[in-house]
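Worksheet: one structure, shown below.
The values are calculated or read from the model by the stated rules, or taken from the named source; none is laboratory data. Values in this document were obtained by computation on a predicted structure and should not be read as measured data. Cβ atoms come from the backbone with ideal geometry, glycine included; neighbour counts cover every protein chain shown.
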């Protein structure tokens, strides 16, 4: 079975890359997190700042089946994506495959056009939207615009509040919105919160995949991590996986 997690948000810096990395590592450690063993594919659509799969980021290894940089700014690019994924789509008929796509801040163009091609690709890839909710009104309205443009493709999904930007009670605009009342009240959308990771650790590991940083004890440029850093990263990974494993329940 194939599931594709489309990690999106209203602007750069809201935490899309962090959420994509956490989802990837949650499935990398599937057995420990009570999830099905699967092939993990990581794709970075932020071609101007590819923190997810760019240099130093997620690359194929013993735990990551495949990675790549993709451009999804225009509808035609989504068709090229399907062509590139034909092999993995075929493999998903016999085994579990999870694709994680980290979207750029410019993603709204493809969705707001109401493109039939994009809608068909989202359905073909069994896409589950993962919306990283910010604390601004625009974060709520852009999510609603995605739903309005492609209601079938956004009939279920996950909203993630990133606690790096403040405690859960700070997301008052989302909590008071009609969008939340409709989505979460329907039971088709779920909500979770991503725990905070120390900004000192974030700086040290930079693009280094979490599982690699823990295994090697090093961060960006081979910088050695302290024992406290590794303990903090492990603790974050455990809390984050507990929060994000819920994504597997969405979409059958």
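Being buried (at least 16 other Cβ atoms within 10 Å of the Cβ) and touching a helix residue (DSSP H, G or I) at 6+ places or on another chain (Cβ under 8 Å) is the filter here, so list the residues in region 146-156 that pass it. It would help to see each step written out before you state the result.
Going residue by residue through region 146-156, those that are buried (at least 16 other Cβ atoms within 10 Å of the Cβ) are 146-147, 149-150, 153-154, 156.
Selection gives 146, 147, 149, 150, 153, 154.
Spot the failing condition for residue 142; the list is (1) farther than 21 Å from residue 49 by Cβ; (2) in contact with a helix residue (DSSP H, G or I) (Cβ under 7 Å, 6 or more places away or on another chain); (3) crowded, with 16+ Cβ neighbours inside 10 Å, and only one is missed.
With (1) farther than 21 Å from residue 49 by Cβ; (2) in contact with a helix residue (DSSP H, G or I) (Cβ under 7 Å, 6 or more places away or on another chain); (3) crowded, with 16+ Cβ neighbours inside 10 Å applied to residue 142, the lone miss is (1).
Tell me, which strands (runs of 3 or more DSSP E) wholly within region 31-137 include 3 or more residues that are modelled with pLDDT of 95 or more and either under 21 Å from residue 155 (Cβ atoms) or in contact with a helix residue (DSSP H, G or I) (Cβ under 8 Å, 6 or more places away or on another chain) (or both)? So that I can check it myself, show each step before the final result.
Working: elements: 39-44, 66-69, 97-102, 127-133.
Of the strands (runs of 3 or more DSSP E) lying wholly inside region 31-137, those with at least 3 residues that are modelled with pLDDT of 95 or more and either under 21 Å from residue 155 (Cβ atoms) or in contact with a helix residue (DSSP H, G or I) (Cβ under 8 Å, 6 or more places away or on another chain) (or both) span 39-44, 97-102, 127-133.
Check every one of the helices (runs of 4 or more DSSP H) wholly within region 172-240 and list those with 3 or more residues that are at pLDDT below 90, at positive phi and touching a helix residue (DSSP H, G or I) at 6+ places or on another chain (Cβ under 8 Å).
Details: elements: 172-175, 178-186, 199-205, 210-216.
Fully inside region 172-240 and qualifying: nothing.
With respect to residue 192, determine if the residue is surrounded by 15 or more Cβ atoms within 10 Å (Cβ to Cβ), closer than 28 Å to residue 119 by Cβ and over 20 Å from the mean Cα position of the chain (by Cα).
Details: surrounded by 15 or more Cβ atoms within 10 Å (Cβ to Cβ): yes; closer than 28 Å to residue 119 by Cβ: yes; over 20 Å from the mean Cα position of the chain (by Cα): no.
Spelling it out, it is not the case that residue 192 is surrounded by 15 or more Cβ atoms within 10 Å (Cβ to Cβ), closer than 28 Å to residue 119 by Cβ and over 20 Å from the mean Cα position of the chain (by Cα).
Looking at (1) surrounded by fewer than 20 Cβ atoms within 10 Å (Cβ to Cβ); (2) more than 17 Å from residue 110 (Cβ to Cβ); (3) in contact (Cβ under 8 Å) with a residue 12 or more places away in the chain, which one does residue 75 not meet, given that it meets all the others?
Status for residue 75: all satisfied but (2).
Quick one: would you say residue 246 is in contact with a strand residue (DSSP E or B) (Cβ under 6 Å, 6 or more places away or on another chain), closer than 23 Å to residue 43 by Cα and surrounded by fewer than 17 Cβ atoms within 10 Å (Cβ to Cβ)? Spell out how you get there, then give the answer.
Values: in contact with a strand residue (DSSP E or B) (Cβ under 6 Å, 6 or more places away or on another chain): yes; closer than 23 Å to residue 43 by Cα: yes; surrounded by fewer than 17 Cβ atoms within 10 Å (Cβ to Cβ): yes.
So residue 246 passes the test.
Kindly indicate the residue of region 138-164 that is modelled with pLDDT of 95 or more and assigned to a strand (DSSP E or B) and also farthest from residue 99 (Cα to Cα) among those meeting that condition.
The extreme case among them is 161.
Please work out if residue 163 is over 24 Å from residue 127 (Cα atoms), surrounded by fewer than 17 Cβ atoms within 10 Å (Cβ to Cβ) and free of Cβ contacts under 8 Å to residues at least 60 places away in the same chain.
Details: over 24 Å from residue 127 (Cα atoms): yes; surrounded by fewer than 17 Cβ atoms within 10 Å (Cβ to Cβ): no; free of Cβ contacts under 8 Å to residues at least 60 places away in the same chain: yes.
Against the criterion (over 24 Å from residue 127 (Cα atoms), surrounded by fewer than 17 Cβ atoms within 10 Å (Cβ to Cβ) and free of Cβ contacts under 8 Å to residues at least 60 places away in the same chain), residue 163 does not qualify.
Could you tell me whether residue 82 is surrounded by fewer than 21 Cβ atoms within 10 Å (Cβ to Cβ) and closer than 23 Å to residue 248 by Cα?
Working: surrounded by fewer than 21 Cβ atoms within 10 Å (Cβ to Cβ): yes; closer than 23 Å to residue 248 by Cα: yes.
Yes, satisfied.
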